[in-house]
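One structure is given here, and the rest of the page talks about it.
We did not get these values from a lab; they are worked out from the coordinates using the rules stated. Please read all numbers here as calculations on a predicted model, not as lab measurements. Virtual Cβ from ideal backbone geometry, glycine too; neighbours counted across all protein chains shown.
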Amino acid sequence: MNDTWSVEEHRDDILGAMRPLEPIELPLLDAAGCVLVDDVVVTAPLPPFDNSSMDGYAVRTADVETATDEYPAVLRVVGDIAAGSDTLPTVGPGEAARIMTGAPIPPGAQAVVPVEWTDGGTGGGPATGMNGRREHGPEVRVHRGAPARAFINGRGSDAATGAIALTAGTVIGPPQLGLLAALGHATALVRPRPRVVVLSTGSELTAPGRPLGPGQIHDSNGFMLTSAAQAAGAVAYRVAAVADDAPSLRAALDEQLVRADLVVTSGGVSVGAFDVVKEALAGEVDFRRVAMQPGKPQAFGLLGPDRVPLLGLPGNPVSAYVSFELFVRPALRALAGHAPEALDRPRVTARLVCEAPLTSPPGRRQYLRGTYSAEEGTVAPVGGSGSYLVASLARADALIEIPEAATAAEPGAVLTVVLLG
Ligand code: AMP
Ligand code: MG
């Protein structure tokens, strides 16, 4: 195999091993954000019946054809129809029924005139409701005509029986969820959210909230990567940091594999004396150099009898995060069934705004942290290139790519930018 991998070679090798997870039938709200497995065909029309789009009066068109302010049509009001009404009056010649938005169109009526085109039924003598409240009078005066079907939302006009409401591969967002509910579905057949176990390695790591002993640092990767996995649509489990001891790591992994569709580790993948992931998994997992900075050492393999993918990321927080965005996030989205073109973060080109040229190592693609302005079409670096710089990472919203061949990027250069969303 080649000694050094390009970013694309490493990414494609990982994606080549990802199989979308087996479909599962989930209650609607659990299916939110998931990818639909099959086309959803309309089996009953939407709306299910002709209904009024306005509060007004259901009428026969011939009765209101010549109505004007001066010569209104005077119609006898034969009933009140609310949304949900199941008994409907029949509207005969010279008659109207008061109707509310969403209520079924009664037999005989051909159109609805909005209440604003009428006197609101206040003419024609007293008619007082139960608690003394004035209801409609026995008559309504209509000032304008309405063509057939006016203000009627027709049965099946939104989705007709047999039509495809949603196509396979659709990501179920709130509107799609609303449509499924409107169609009467209580569940959806989707790819489940991938379950991800995030495991930090390093004997120097202490949980946030605990005081630091000599030489210790807080485990930031565990939290950052778990949160990144959640943001990528996964169900993520953070495991307490494991010390640089191969048997302990092996035991922790064996225990976690049962609940993982993918494992992400951080730290211990380079060539130091305590590179624990390498020590524990050599032979099972491939340790490779990727032509990038940060993020050169990377590990990838399939673990255990279930061949659970493991992505081993380098430990520096910026390296780990950049690696997550470039390799782990696409892998998670592939497991979730997203289309090939929807796996990666969006990329744009932008003009580099900085005072001095930025330097970049030869033969490696550099990913600098930056802030992107869509209005200006520019990107500015944030902090330096050091991969320990987690504070500047926290101020960035983009990664600036400096190509492998370049050793510098001049102010004003047009570069590719990965938008972190
Ligand atoms: P490693 O890849 O294990 O050699 O780690 C490289 C650097 O990243 C070291 O300075 C580690 O202390 C640091 N590091 C490793 N894991 C973490 C972590 N989970 N949180 C914060 N820093 C880490
Ligand atoms: Mg380490």
Cα-based helix-to-principal-axis angle, 221-231 vs the chain, degrees rounded to 10: 30
Efficiency of FRET from Cβ geometry, Ala82 and Thr161, R₀ 30 Å, rounded to 0.05: 0.65
Cut-off 12 Å between beta-carbons: net charge of the residues surrounding Val258, Lys and Arg +1, Asp and Glu -1: -2
Helical mean residue ellipticity (222 nm; -39500 (n - 2.57) per DSSP H run of 4+; nearest 500) of the chain: -4500 deg cm²/dmol
Kirkwood Rh (inverse of mean 1/r, distinct Cα pairs), the stretch 347-419, angstrom: 12.0
In degrees, nearest ten, helix 246-256 long axis to first principal axis of the chain (Cα): 20
For the stretch 4-60 and the stretch 375-391, distance of Cα centres in Å: 36
Pair Asp397, Ala186: separation of 7 Å Cα→Cβ label points (nm): 4.3
Degrees separating the helix 7-16 axis from the principal Cα axis of the chain, which is the longest one: 60
The stretch 78-102-the stretch 300-329 distance, computed between alpha-carbon centres (Å): 64
Charge context of Val379, other residues only, Cβ under 15 angstrom, K/R +1, D/E -1: -1
Relative intensity, log₁₀ I(q)/I(0), of the stretch 262-383 from a Debye sum that treats every alpha carbon as a point, q = 0.18, 0.21, 0.22 Å⁻¹: -1.04, -1.23, -1.29
The stretch 51-153 - Rg over Rh from alpha carbon coordinates, Kirkwood radius: 0.94
Per-selection Kirkwood Rh - the chain (Cα, Å, 1 d.p.): 26.3
Net dipole in debye of the stretch 347-419 [+1 Lys, Arg Cβ; -1 Asp, Glu Cβ; about Cα centre; nearest 20]: 220
Counted charge near Phe287, where neighbours are those whose Cβ lies closer than 14 Å (Asp, Glu -1; Lys, Arg +1): -2
√(5λ) per eigenvalue of the Cα gyration tensor, the stretch 48-106, largest first, Å: 21, 12, 9
Net lengthening on full extension, Thr90/Val271 (0.36 nm per residue, minus Cα-Cα): 56.6 nm
Per DSSP, loop GluC sites (Glu not before Pro) in the stretch 337-391 with at most 14 further Cβ within 10 Å: Glu355, Glu375, Glu376
